[in-house]
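K.L.:
Here's a structure for you.
Where a number appears in this text, it was derived from the coordinates with a stated rule and is not lab data. A quick note: this is a predicted structure, and the numbers were derived from the prediction, not measured. Reconstructed Cβ throughout: ideal geometry from the backbone, glycine too, with neighbour counts over all protein chains shown.
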Amino acid sequence: MKEEIQRQLDAYIDQIPDKMKQLKVLYAENGGDAEDLDLSPESLVPLWRWFISTVKTVQLSNREFRKKKKQCPEYTWEYLDDWEIERESLSIAMDIGIYFGKVIIAKYPKMKWGIFELPKHAGDVIEPVLVHPKGGQCCPSRILRMLTTKAAEKNSSPEELYEALHENTKRFRAFTGDQE
C-alpha cells in the first residue's frame, strides 16, 4: 500500500511542471500576462481575478439532482445546489491549487509535497498535501475546491486566494515556529 501511495505521489509531482506550463499558457491566452505568475504571494491576486471571471457551472437535470440528494442525508438537502462546477473549471482550479502549493513552497522551502496518511478518517488520506517536517500540513486542492465553489456562486473577491495563503501561512508559523 505504501509503495502504491508513493507511486501516486511521484506521478503527481512529476506532472507539476507540465501543469504549470499549461496554466501559464491558458492564463496568457485569456488576457493575463504569464510573467505575472512568478510564484510570489502577490501573483495570486491577478490569477484569482482571472479565474473567478471564467469559472463556469452546469445546471443539473431533475434526475441528476434527485441522484445527488439520494447520496446525502435528508437534513442536508436544503443546502444542496442544483448545479455543479464545469469539469474544465475544476481542472483549472486544481492546477491553480498546484500553483498555490508552489507559492507556499517558495515562501516556506521546508514544505514538501506528501500524502497525509493518519488518521485514516482524515479527508487528505489519499490526496497530495504540503507537509512540514515538524508535522504541519495544508491541502491546496481542498482550499481551491472551497474557493472555486464561492467563485461559482459569484461570492469571491480577487484577493481571496491571497488571503487564503496568509491564513494558512499564519497557521504554519504557529505550528512550526518558522518565521516570514
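K.L.:
If you filter the stretch 70-119 for trypsin sites (Lys or Arg not before Pro), then keep DSSP loop positions with at most 14 other Cβ within 10 Å, what is left?
P.N.:
Counting only loop positions with at most 14 other Cβ atoms within 10 Å, the trypsin sites (Lys or Arg not before Pro) in the stretch 70-119 are Lys110.
K.L.:
Among Asp36, Asp81, Asp14, which one shows the highest mean-square fluctuation when the chain is modelled as a Gaussian network with alpha-carbon springs under 10 Å?
P.N.:
Ranking Asp36, Asp81, Asp14 by mean-square fluctuation puts Asp81 first.
K.L.:
If each residue's Cβ is checked for other Cβ atoms within 10 Å, how do Phe65, Phe51 rank with the fewest at the top? Intermediate values should be presented prior to the final figure.
P.N.:
On the way: Phe65 17, Phe51 26.
Ranking Phe65, Phe51 by Cβ neighbours within 10 Å, fewest first, gives Phe65, Phe51.
K.L.:
I've got another one for you. Of Gly31, Gly97, Gly136, which is the most mobile in a GNM of the chain whose springs link Cα atoms less than 10 angstrom apart?
P.N.:
Among Gly31, Gly97, Gly136, the largest GNM mean-square fluctuation belongs to Gly31.
K.L.:
Mind checking which of Pro41, Pro128, Pro109 has the largest fluctuation in a GNM of the chain, springs on alpha carbons under 10 Å?
P.N.:
Looking only at Pro41, Pro128, Pro109, the biggest GNM fluctuation is shown by Pro109.
K.L.:
Taking the Cβ of each residue in His166, His132 as the centre, tally the other Cβ atoms inside 10 Å and list the residues starting with the fewest.
P.N.:
By the 10 Å Cβ count, ascending: His166, His132.
K.L.:
In addition: What residues have an amide H closer than 5 Å to that of Ile115, excluding those fewer than 5 places away on the same chain, when H is modeled at 1.01 Å from N in the peptide plane?
P.N.:
HN-HN under 5 Å from Ile115: Val129.
K.L.:
A further question on this structure: Okay, helix-only estimate at 222 nm for the chain: each DSSP H run of n ≥ 4 adds -39500 (n - 2.57), divide by all residues, round to 500 deg cm²/dmol; what do you get? Working shown, then result.
P.N.:
Values: 6 runs with 97 residues, N = 180.
So the helix-based figure for the chain works out to -18000 deg cm²/dmol.
K.L.:
Still on this structure, I have one more. Go through Lys112/Lys170; Lys56/Lys150; Lys70/Lys154; Lys134/Lys170 and tell me which ones have a Cα-Cα distance over 19 Å in this structure. Numbers along the way, then the final one.
P.N.:
On the way: Lys112/Lys170 17 Å; Lys56/Lys150 12 Å; Lys70/Lys154 27 Å; Lys134/Lys170 15 Å.
Pairs exceeding 19 Å: Lys70/Lys154.
K.L.:
While we're here: With unit charges on the beta carbon (Lys/Arg positive, Asp/Glu negative), name the residue among Ile16, Asn30, Asn168 whose Cα is farthest towards the positive pole of the charge dipole of the chain.
P.N.:
Asn168
K.L.:
Turning to a different aspect of this structure: Measure off 7 Å from each Cα along the Cα-to-Cβ vector at Glu74 and Lys154, then give the distance between these two points in nanometres to one decimal.
P.N.:
Modelled inter-label distance: 3.4 nm.
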